[in-house]
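The values are calculated or read from the model by the stated rules, or taken from the named source; none is laboratory data. Source: prediction; values computed, not measured. Virtual Cβ from ideal backbone geometry, glycine too; neighbours counted across all protein chains shown.
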Amino acid sequence: MYPVPEQSYLSTCPVCQNQIDVTSLDPFTKLKCPFCGQMVRVRRKFDHFMIIRQIGEGGMSRVFEAEDETLGRRVALKILNQRYSRDATRIEQFRQEALITANVNHPNVIKLYSVGYDQGYFYIAMELVDGGNLEQRIRRDGRIKETEALRIGLEVAEGLRAAQQMGLIHRDVKPANILFTETGTAKVVDFGLALFVDRGGDNSGEIWATPYYVAPEKVLDNREDYRSDIFSLGASLYHALTGKPPHKADTDSIEQLRMIKCRRVALEDSGMRFAPRTIHAINRMLAFRPQERCANYDETVDELRLAEGLLNQGYVTRWRLTSRRMRWAMTAAAAMLVAFLVGWTVQFAGQRKAASVTQRLDTSSQELAGDGVVVPADDKRTVAERFIAARSLMLEKRQYEEARHQFERLIRDDLRQPTLNWAHVNAAICDIMRDRKPDAAKHLTALSQNTGSGSSMLVSENLVGFFRTLGERFTKNMPPGIDLDELDYSTENEAILGYLIHGLAEWHFGDARLGARLLSHFKSHLGDLQKSADTALVTLNWIPPYAQLVAQHEADMALAVALVEPALPKTIDDCRKVLETLRTQRKQLEKVPSLKALIEGWEAPIKSELSRLKLEQEDRQIATDRVLRERELGQWHEILATIPTLIEGYNYKRVTTMLRDMRFECPEVQSALDGQRYLHAQAGNFLTRLFTDLETRGGYSGPLHRRGGGSIEGKLTAGTLDTVTISLSRGELTLPLADVSAQTLLDAAQYFAAQTTDSTEYYLRQEEIAAFARVAGLTNLSATVAAQLMEENRAFRQRWLKVAQ
């Protein structure tokens, strides 16, 4: 167990090197040094970690970006607040759980590197990611797209599943604990509240969770298991999808929270539109009773993966019910309608039977319909007329829903072949154009089952074989994914439509690039139909209008055919160029989900490679900067040691000349150089202004102290960098300027500054006084003047910071 000693902690001021008592101060606190007055950061180093900046804060801890000086890598350093760092039992619990959590090795879980105790604080070093968190994205964007939210939920569920397999539950799943890498991968963080199931639960009586997302059983009965985390994940996804948490739980009262958590939550009650399977998955995760939720993360992952898959396939519902009351009302209405239809059917069964339709052959309309059958209908139109009207709706007016409805009415009329199969083909095309994959598959599968009936005069063996082959191929897979070279449909008869159907199916549901090749093949071979025009039993001029279906996609098809998977770039610039090209292509093909997903798949390894190359570059730069810093710091220390030897009395010209043309690559050393230039230049200005004041303002009367000791009673009337003139009662005395103490010169300057009424000039004088005192070794006086001036003059503060570094 970590000791929690009662002792004082001191921090060294980087400006004046004095020790400051920081026992009561938190890590990375900024304060004014009581000795030199400079604003400095304290407690920046913990063991071998150097804090760079704060990146997060919670109720129990603060998180900093830090550099591991041993391994030369950036980490996220979580430092527990003093309250918890002084609780030895709590520290030991966190330490044990952190060590076991570190063994959860999964790409969707933040990796823990080490734990430790330093300066009275417990800390955890873990993987650093810089893509922000889900809470920040919700705050920034308002809502997360449905596809993106499902992907995030799936990745988080997979990470939590890895923890579950080690017997670990998180206990505080929320948007703030879902982080993102630069490439967008979601990672679960902060297992600080984690509990191991085999320990028998938490009997502390404390409820550790975030009210917005905590499961009902936790606040009602203080019990929890994996399913409590599943509820919290569902609540987080609800917040991401709707922009609002499922419960408005802004309260510290446990009783109020219990009342709030008793209210059941359903995604459809948000008033927003989502895919049915998304609603089902989120609602199951948010079920009030744990036994109604997914039993484990395997089921959770399956639910989210299915919802994501259906969404990516363009599965949408035509009607959406936004409340339970609406669903009950619709159910009741449907029940009444069914009852009415049953009664009507029984009552008029005899009449309907007497009015049944009989089929008859009418070869006069074979060419128009392409089917060879005419059937009287209730609307007094022949089957051919109805068929042509439906096809016109599909090809010319693009009313796919109404056309499908009419084709399905024809199918229900017990047609002969090949009219029945052509109705199925056209209904399938309508469903494909509406992105209704299951319905399209149903119609195409029926082709292989409906080829046995009909007259050989009307259905050639070739056409029977075409229907059978087409149906069998779509029965195995939807879409079949068969390459152009493997398809053997004839292009001189009706079978050419096989390329169209395969192409449309691939374009909408499968490999869009293959779909583009198949559709182009169909359109480019329509001229082959003329080869059989003289020998065909029926005309084929009804087929070319189907090219209108291809024309809708031609612009995107050209882009799809031109797509080529890029090779993995070798440099950062090449990665960025390739990613920019892919982003442009993805934007152009935004309406083709399969191509968008394909390009995103190409982007993923390039983004990972870019991150790897940038990390390598950063590592190399850090190593180079470290070597450069050490070398230039050595050079700078030699220069600092040389500066005093260049000063003759108070003459700083040789120093300013030497520093003027110097340059360093290391920013830290260059900043120190700039600070020394500034100090000595201001010290020179101090003397110039003082000598002018002596000549123009009647001199300075006051104690005149010599550098070696002793004092002179007189009036300082003039001065140069070599000598000063002192008026005595018995005459004038000339002394070397170097013999006069720095304090005497500062007293004289303050005397003249006090007579200045212009604020700008006053600040300039005080700045020169602070600089001269610093150079002359009067550090405390310099810090006092500078501290007061920094509070009043922002411009001076910026300049003086160079000196304070």
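Looking at Leu497 and the list (1) assigned to a loop (DSSP other than H, G, I, E, B); (2) under 30 Å from Asn421 (Cβ atoms); (3) at pLDDT 90 or above, which single condition is not satisfied?
Of (1) assigned to a loop (DSSP other than H, G, I, E, B); (2) under 30 Å from Asn421 (Cβ atoms); (3) at pLDDT 90 or above, only one is false for Leu497: (1).
Considering only segment 779-796, I want to know if a residue exists there that is assigned by TED's automatic domain parsing to the domain that holds Gly710, closer than 18 Å to Thr688 by Cβ and touching a residue at least 60 places away in the same chain (Cβ under 8 Å).
no
So Val564 fits all but one of (1) touching a Gly at 6+ places or on another chain (Cβ under 8 Å); (2) of a type outside the set (Phe, Trp, Tyr); (3) not in a helix (DSSP H, G or I); what number is the exception?
Of everything listed in (1) touching a Gly at 6+ places or on another chain (Cβ under 8 Å); (2) of a type outside the set (Phe, Trp, Tyr); (3) not in a helix (DSSP H, G or I), Val564 misses just condition (1).
Can you find, within segment 462-481, the residue that is modelled with the lowest pLDDT among those that are over 19 Å from Asp439 (Cβ atoms) and among the β-branched types (Val, Ile, Thr)?
Filtering segment 462-481 for residues that are over 19 Å from Asp439 (Cβ atoms) and among the β-branched types (Val, Ile, Thr), the one modelled with the lowest pLDDT comes out as Val464.
Picking from Leu721, Leu694, which residue would you name as being at pLDDT 90 or above and not in a helix (DSSP H, G or I)?
So the residue among Leu721, Leu694 that is at pLDDT 90 or above and not in a helix (DSSP H, G or I) is Leu721.
How about segment 702-713: which of its residues are modelled with pLDDT under 90 and either surrounded by 14 or more Cβ atoms within 10 Å (Cβ to Cβ) or in a loop (DSSP other than H, G, I, E, B) (or both)?
Scanning segment 702-713 gives Gly702, Pro703, Arg707, Gly708, Gly709, Gly710, Ile712, Glu713.
Let's see how each residue does on (1) farther than 26 Å from Ala795 by Cα; (2) surrounded by 15 or more Cβ atoms within 10 Å (Cβ to Cβ):
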residue	(1), (2)
Ile599	yes, yes
Leu640	yes, no
Pro644	yes, no
Cys666	no, yes
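Would you confirm, using the coordinates I've provided, whether Ile429 is outside any helix (DSSP H, G or I) and out of contact with any strand residue (DSSP E or B) (no Cβ under 9 Å at 6 or more places or on another chain)?
No.
Of these, Lys614, Lys591, which one is under 32 Å from the mean Cα position of the chain (by Cα), part of a loop (DSSP other than H, G, I, E, B), at pLDDT below 90 and surrounded by fewer than 16 Cβ atoms within 10 Å (Cβ to Cβ)?
Only one candidate qualifies: Lys591.
Of the residues that make up segment 22-29, is at least one β-branched (Val, Ile, Thr), in a loop (DSSP other than H, G, I, E, B) and at pLDDT 75 or above?
Yes, because at least one residue in segment 22-29 is β-branched (Val, Ile, Thr), in a loop (DSSP other than H, G, I, E, B) and at pLDDT 75 or above.
Filter segment 188-230 down to residues that are small (Gly, Ala, Ser) and modelled with pLDDT under 50 and give me whichever is surrounded by the most Cβ atoms within 10 Å (Cβ to Cβ).
Gly201
Condition check: over 25 Å from Arg74 (Cβ atoms) and either modelled with pLDDT under 85 or outside any loop (DSSP other than H, G, I, E, B) (or both). Does Ile622 satisfy that?
no
If only one of Ala738, Ala770, Ala718 is touching a Lys or Arg at 6+ places or on another chain (Cβ under 9 Å) and in the same structural domain as Arg677 (by TED's automatic domain parsing), which one is it?
After applying the criteria, what remains is Ala738.
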